[in-house]
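Structure first, commentary second.
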Amino acid sequence: MMIIPEKEIPVHHLTSEEFQMSTLTAAGPENFHDVHRHNFFEIIWFREVNENSRLELDFESHQLQNNQICIIAPGQVFNMKIQGEDGYAMAISREIFNEACDIEWILTGGILPFSLDPKNVNTCNTIISLMEQEYKGASRTELLKTYLKAFCLIIAEQINPQESLINDRQRIQELVSLIEKHYISHKDTGFYAEKLKLSTHHLNDIVRLLRGTTVKKMISQRILLEAKRELSFGALTVKEICFKLGFGDASYFSRFFKKHTGMSPEEFKEVKS
């Protein structure tokens with residue numbers, strides 16, 4: 001695996017292999033330590049963690065527990081200091097992951113750490129053992145894909161939406177795509193509700209049910225994520241970032257940022273520098 005800088009955030013790329021597998025204890029610091037992104041999917045199974053084990057995903061910190069699984073999608077900003085945790089990390093090309101897991105909202109956004117159902121632990125251990133044996137042996141791509149698909153089927157039972165929620169989850173995914181495309185120019189809920197042919201009240205109800213938040217907060221979080229990326233790794237001034245993100249007033253942008261983070265943009269930039 002080689003590291004190529006892109007927009008000042010290092011990007012880890014799969015090189016000759018479409019699938020790589022390692023235990024967490026064997027994974028080198030270059031694969032985890034310091035902020036980076038991937039151009040591939042990564043599944044991490046934290047079988048045993050420490051009291052202070054945490055990972056940072058898109059600048060949000062998550063406390064880890066035993067037998068949690070995280071799926072990181074291409075482009076997500078990731079950071080974690082390995083401190084003796086036990087488990088597995090699988091780096092998977094987009095093509096192979098698309099075959100193994102066809103859940104749209106995982107393909108586009110990954111999955112935050114979730115606890116593996118105890119009844120599935122032994123099954124997942126068996127699949128991982130078979131996968132590891134094959135990877136270290138003949139490393140036949142088709143067989144590895146079969147094991148990977150089996151692993152994804154088991155864990156997807158816990159994250160796959162119920163039939164009655166499929167339409168709403170599709171709307172959420174459409175909303176995420178719309179926010180990604182328009183968050184700089186359109187910061188009002190009404191714009192997105194109109195695009196989705198829903199009332200603002202109905203759209204917010206869906207978002208509260210499935211995301212535990214509001215459309216306005218989703219837009220704000222996307223703006224903040226981009227602001228944090230620019231402040232951490234970009235070369236723009238705070239004023240330039242303000243205008244780039246569609247704010248006409250630098251002082252309003254500073255108030256917005258401090259309201260949501262507890263720090264001014266200048267303070268955040270200093271902490272991250």
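Structure notes:
- Think of it as helices only: each DSSP H run of n ≥ 4 in the chain is worth -39500 (n - 2.57), and spread over all residues that comes to -15000 deg cm²/dmol at 222 nm.
- Candidate aspartates and glutamates - alpha carbon under 13 Å from residue 119, same-chain residues fewer than 8 apart omitted: 157
- Residue-span extension gain [residue 102 to residue 157] - 0.36 nm each, minus C-alpha spacing: 18.5 nm
- To put it simply, the accessible area of the range 33-114 at a 1.4 Å probe is 39 percent carbon and sulfur.
- From phi via Karplus (6.51, -1.76, 1.60), per-residue ³J(HN,Hα) for the range 72-81 in Hz, x at Gly/Pro: 9, 8, x, x, 6, 7, 10, 7, 7, 9
- Straight-line cross-link reach from residue 145 at under 17 Å between alpha-carbon atoms covers these aspartates and glutamates, not counting any fewer than eight positions away in the same chain: 17, 18, 42, 95, 99, 102, 132, 134.
- Solitary cysteines of the chain, where the nearest other Cys Cβ is not under 4.7 Å: 70, 124, 242
- Amide H contacts of residue 68 (H built 1.01 Å from N, under 5 Å, at least 5 apart or other chain): 46, 116
- Percent of Cα pairs exceeding the 21 Å cut-off, where the set is the range 191-262: 38
- Entries of 181/239; 81/269; 149/244; 197/217; 195/272 with Cα pairs more than 30 Å apart: 149/244; 195/272
- Three-way shape call for the range 36-121 based on the alpha-carbon gyration tensor, with the a/c threshold at 1.5: oblate
- Full extension of the chain segment joining residue 16 with residue 82 gains 21.3 nm, where the gain is 0.36 nm per residue of separation less the Cα-Cα distance.
- Extension gain, residue 142 to residue 114, is 7.3 nm, computed as 0.36 nm per intervening residue step minus the present C-alpha separation.
- Once the 1.4 Å probe is applied to the protein heavy atoms, the chain comes out at 52 Å² accessible per residue.
- Anisotropy class assigned to the range 82-227 is prolate, per the alpha carbon gyration tensor with a/c at or over the 1.5 cut-off and a/b larger than b/c.
- Farthest toward positive dipole pole in the chain [+1 Lys/Arg, -1 Asp/Glu at C-beta], among 206, 41, 89: 206
- Matching the structure-derived mean projected area of the Cα convex hull in nm² against the labelled list (1) 14.1; (2) 15.4; (3) 18.4 gives the label (2).
The values are calculated or read from the model by the stated rules, or taken from the named source; none is laboratory data. Nothing here was measured: the structure is a model prediction, and the numbers come from that model. Positions of Cβ are generated from backbone atoms using ideal geometry, with glycine treated the same way; all protein chains shown enter the neighbour counts. To get the accessible areas, we keep the full protein, side chains included, count just its heavy atoms, and leave off ligands, DNA and RNA. Shrake-Rupley method; radii C 1.70, N 1.55, O 1.52, S 1.80 Å.
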